[in-house]
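Accompanying notes for the structure given below.
The values are calculated or read from the model by the stated rules, or taken from the named source; none is laboratory data. Worth saying up front: this structure is predicted, and the values here are computed from it rather than measured. We place every Cβ from the backbone using ideal geometry, glycine too, and count neighbours over all the protein chains shown.
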Amino acid sequence: MTHIITSLCVRDRGCIEVCPVECIIPGVPLEEFPMVYIDPDTCIDCGACVPECPFAAIFPEDEVPSAYTAKGGEYINKLGLTGHYEADNHHGTHVVLETTRQLEAGETVDLTPDIQPNYDFFTSGPGYSAKDNDNGM
Ligand code: SF4
Ligand code: SF4
């Protein structure tokens, strides 16, 4: 089992430092890998990252909601969306994303398609080498 970062992730980065096995990696380039990703093969399922995320974007894999009910105002961040998001992250770095959509209160979203990108990032994507191109965003 692993934990999964879903598209509720807007790269706040609070989760990264608390991972005891350093398996949480920010995606680059943003146009291809807009989220932050957990390596499913290395995650030890400790759960330490979950309370660190101000957007509640992280779930155990078998608890990723297929019908997440939006509080309203939160963003989803995934390829194919074209909305603009910007804010300062956990470290004060300004984050700008052009792959978002703001949710309306009460709307439901299936977050289970976000599971596979966590796997793909490490098998066919840049994986840990993304750290070499990390600009703090
Ligand atoms: S703390 Fe949440 S929003 Fe921030 S990078 Fe981690 S999963 Fe994404
Ligand atoms: S559950 Fe633990 S090991 Fe897995 S990504 Fe989160 S902090 Fe790291």
Taking the range 20-29 as the region of interest, how many residues are assigned to a loop (DSSP other than H, G, I, E, B) and either more than 13 Å from ligand 1 (Cβ to nearest atom) or out of contact with any Ser or Thr (no Cβ under 9 Å at 6 or more places or on another chain) (or both)? 6
Consider only pairs whose beta carbons are under 8 Å apart and that are at least six residues apart or on different chains; among these, list those whose first residue lies in the range 72-96 and is surrounded by fewer than 11 Cβ atoms within 10 Å (Cβ to Cβ) and whose second residue is part of a loop (DSSP other than H, G, I, E, B). Gly73/Leu103; Gly73/Ala105; His94/Met137
Close pairs from the range 1-22: first touching a residue at least 12 places away in the same chain (Cβ under 8 Å) and closer than 12 Å to Ala56 by Cα, partner of a type outside the set (A, V, I, L, M, F, W, C) and more than 10 Å from ligand 1 (Cβ to nearest atom), Cβ under 6 Å, at least 6 apart: Ile4/Glu61; Ile4/Asn118; Thr6/Asp114; Ser7/Lys78; Ser7/Asp114; Val10/Tyr85
Options Gly73, Gly47; residue that is more than 14 Å from Leu111 (Cβ to Cβ) and either away from ligand 2 (no atom under 16 Å from the Cβ) or hydrophobic (A, V, I, L, M, F, W, C) (or both): Gly73
Would you check if Phe55 is out of contact with any Cys (no Cβ under 6 Å at 6 or more places or on another chain) and assigned to a loop (DSSP other than H, G, I, E, B)? yes
Scanning the range 30-48 residue by residue, those under 24 Å from Gly73 (Cβ atoms), outside any strand (DSSP E or B) and among the hydrophobic types (A, V, I, L, M, F, W, C) turn out to be Leu30, Met35
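Test Ile115 against the criterion of being buried (at least 16 other Cβ atoms within 10 Å of the Cβ), in contact with a His (Cβ under 7 Å, 6 or more places away or on another chain) and under 17 Å from Thr6 (Cβ atoms), and give yes or no. Break it down into steps so the answer makes sense when it comes.
Values: buried (at least 16 other Cβ atoms within 10 Å of the Cβ): yes; in contact with a His (Cβ under 7 Å, 6 or more places away or on another chain): no; under 17 Å from Thr6 (Cβ atoms): yes.
No, not satisfied.
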Between a residue in the range 36-48 that is away from ligand 1 (no atom under 14 Å from the Cβ) and any residue that is assigned to a loop (DSSP other than H, G, I, E, B) and at pLDDT 95 or above, which pairs come within a Cβ distance under 6 Å, given they are 6 or more apart or on different chains? Pro40/Thr2; Thr42/Val21; Thr42/Cys23; Ile44/Val21
